[in-house]
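Asks: Got a structure for you, questions after.
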Amino acid sequence: MESNYAPRRLLRLVGRLAVCASLACAVSAFADSLDERNELIHHFVTDFKANPLVADCAAHGNFIASTSSAFDHVEFPPDSFDATHSAIEPWNDSFDEKKQRIKVDNVVTVEGQGMPKNGERDPTPLKFRCGYVGSQMLAFGWNDPVPPLRPRAEPHASRATKGKHGAKTKSTAGKSTATKSSATKSTSKSTKKTSKKH
């Protein structure tokens, strides 16, 4: 009996080690990207005299743009951090009217140049917008030139919806015309029957 349990224990141990190794890799990758982000913020603040919030927004924008299929990274020349190309605006409202309706105290904007992955085309002007409460970023947006993939919507009339008690019902679009045409048919049938009697 003991010999049957030994391979199972060994497999469990190997599985646990694999999970630990993958978690360690994920934590290491996160730490590396966090270190890179902190170094970039430090570079913007010390070398370009950027406001820390603007530098944070720019570093986050660089990270997000590098995950896009269009860009390798974002370059921020020194003038990206001047008053013409960056701003901190007191907001005290929701960040946007879409999915990020979270209330923020300040909205930071900063401009940069998206460097393409293939290097064949010119850099793309990018504008990043970040919402902050204190020094914590709670919302982010940018002029991503790659449109997000959206699922294809079905026509409204053929879509099945759940009713009040969870039963699926067909949409009522076109119901009134169907009712009118069946009423017309029944009226014409009764007219034919009465005319045959005479």
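Asks: Return the residue satisfying two criteria in turn: it lies in the stretch 51-86 and is in contact with a helix residue (DSSP H, G or I) (Cβ under 9 Å, 6 or more places away or on another chain) and of a type in the set (Val, Ile, Thr), and of such residues it is surrounded by the fewest Cβ atoms within 10 Å (Cβ to Cβ).
Replies: The selected residue is Val54.
Asks: For the stretch 24-135, which strands (runs of 3 or more DSSP E) that fit wholly inside it have 1 or more residues that are under 22 Å from Val146 (Cα atoms)? Walk me through how you get there before you give the answer.
Replies: On the way: elements: 71-75, 86-94, 103-116, 124-133.
Per the criteria, 71-75, 103-116, 124-133.
Asks: With (1) buried (at least 16 other Cβ atoms within 10 Å of the Cβ); (2) at pLDDT 95 or above; (3) more than 19 Å from the chain's Cα centre (by Cα) as the list, and Glu89 as the residue in question, which single condition is left unmet?
Replies: Only one criterion is unmet by Glu89, namely (1).
The values are calculated or read from the model by the stated rules, or taken from the named source; none is laboratory data. All of these numbers come straight from a predicted model, not from anything done at the bench. Cβ coordinates were reconstructed from backbone atoms using ideal geometry, including for glycine residues, and neighbour counts include every protein chain displayed.
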